[in-house]
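The values are calculated or read from the model by the stated rules, or taken from the named source; none is laboratory data. All figures in this text were calculated on a predicted structure; none of them were measured in a lab. Every residue, glycine among them, receives a Cβ derived from its backbone with ideal geometry; neighbour counts consider all protein chains shown. Accessible surface areas use protein heavy atoms only, side chains included; no ligands, DNA or RNA. Shrake-Rupley method; radii C 1.70, N 1.55, O 1.52, S 1.80 Å.
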Amino acid sequence: MLIQIISLFPEMFPPVLETSMLFKAKTKGIVDYSYINLRDFGLGKRRTVDDTPYGGGDGMLLKPEPLVAAIEMARAKDPDAQTVLMTPRGGRFTQAKARELSKASGLVLVCSRYEGYDERVTAFVDEQISIGDYVLTGGELPAMVVTDAVVRLIPGVLGGEKSAEIESFSDDKTLEYPQYTRPENFRGMKVPDVLLKGHHAEIEKWRNKNNREIKQN
Ligand code: ADE
């Protein structure tokens, strides 16, 4: 899966995406990341990407021409890619959405900045996603969150296929059960007995009972 990310700050991504599992997924050839610098599509000698809002108001908005030119370049490279605008006004990102996006043939993640973007940009994306009801300084961190949650669901990315299997069987309301490793007694807190006994049916029962539910607000 090719994940193309459009941003004014492409240098933010490699420290996160080119590390650990997300990097391993790339070296295995399962995903590839491509960073597109929005500034390259800026207008005029100064490569302008923003302007003041019609009707007045504080701050600057990203102009439509550079954003749409960058989106069109990304889509020309990967016409079937799902194009997503990161915005606090989007639909809430969930595990179900991560699973859905993990089945896409490619992704184009568009990061906004500053006070926002010209609304007409939304006509050029497939969907808008928010990672939560708070406003960040830009879509870069949300794009990293989406990339992480999506890439780990692609078959072959997680170490043991067992982990992916557990997830494919679980519905989207379940997280994992609590887990423990050595020592058996840590500062007086003991590992539940059932986990020490090697009775697989009992362990399975305990794990199902103790599956953590994702808290919905
Ligand atoms: N850009 C700024 N805040 C955001 C949020 N909460 N989710 C997605 N994109 C954003």
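Say we look at region 10-39 and pick out the residues that are touching a strand residue (DSSP E or B) at 6+ places or on another chain (Cβ under 9 Å) and exposed (fewer than 15 other Cβ atoms within 10 Å of the Cβ); which of these is nearest to Arg113 (Cα to Cα)?
Glu11
Quick one: Thr83 ticks every box in (1) open to solvent by less than 20 Å² (accessible area, probe 1.4 Å); (2) of a type outside the set (A, V, I, L, M, F, W, C); (3) part of a loop (DSSP other than H, G, I, E, B) except a single one, so which number is it?
(3)
Residues Gly59, Gly55, Gly91: which one is in a loop (DSSP other than H, G, I, E, B), touching a residue at least 24 places away in the same chain (Cβ under 8 Å) and either over 18 Å from Met1 (Cβ atoms) or open to solvent by 30 Å² or more (accessible area, probe 1.4 Å) (or both)? Explain how you work it out, then say what you get.
On the way: Gly55 fails: touching a residue at least 24 places away in the same chain (Cβ under 8 Å); Gly91 fails: in a loop (DSSP other than H, G, I, E, B).
The conditions single out Gly59.
Looking at region 101-153, which of its residues are polar (S, T, N, Q), within 15 Å of the ligand (Cβ to nearest atom) and touching a residue at least 40 places away in the same chain (Cβ under 8 Å)? Working first, answer last.
Taking region 101-153 and keeping what is polar (S, T, N, Q), we get 102, 105, 112, 122, 128, 130, 137, 147.
Among the residues that remain, those that are also within 15 Å of the ligand (Cβ to nearest atom) are: 112, 122, 128, 130, 137, 147.
Hits for region 101-153 are Ser112, Gln128, Ser130, Thr147.
Which residues, taken from region 105-125, are surrounded by fewer than 19 Cβ atoms within 10 Å (Cβ to Cβ) and closer than 28 Å to Leu175 by Cα?
First pass over region 105-125, keeping only residues surrounded by fewer than 19 Cβ atoms within 10 Å (Cβ to Cβ): 105, 114-115, 118-120, 122-124.
Within region 105-125, just Ser105 meets the criteria.
Can you name the helices (runs of 4 or more DSSP H) wholly within region 104-217 that have at least 3 residues being modelled with pLDDT of 95 or more? Spell out how you get there, then give the answer.
Values: elements: 140-151, 161-169, 193-196, 200-209.
Filter on region 104-217 gives 140-151, 193-196, 200-209.
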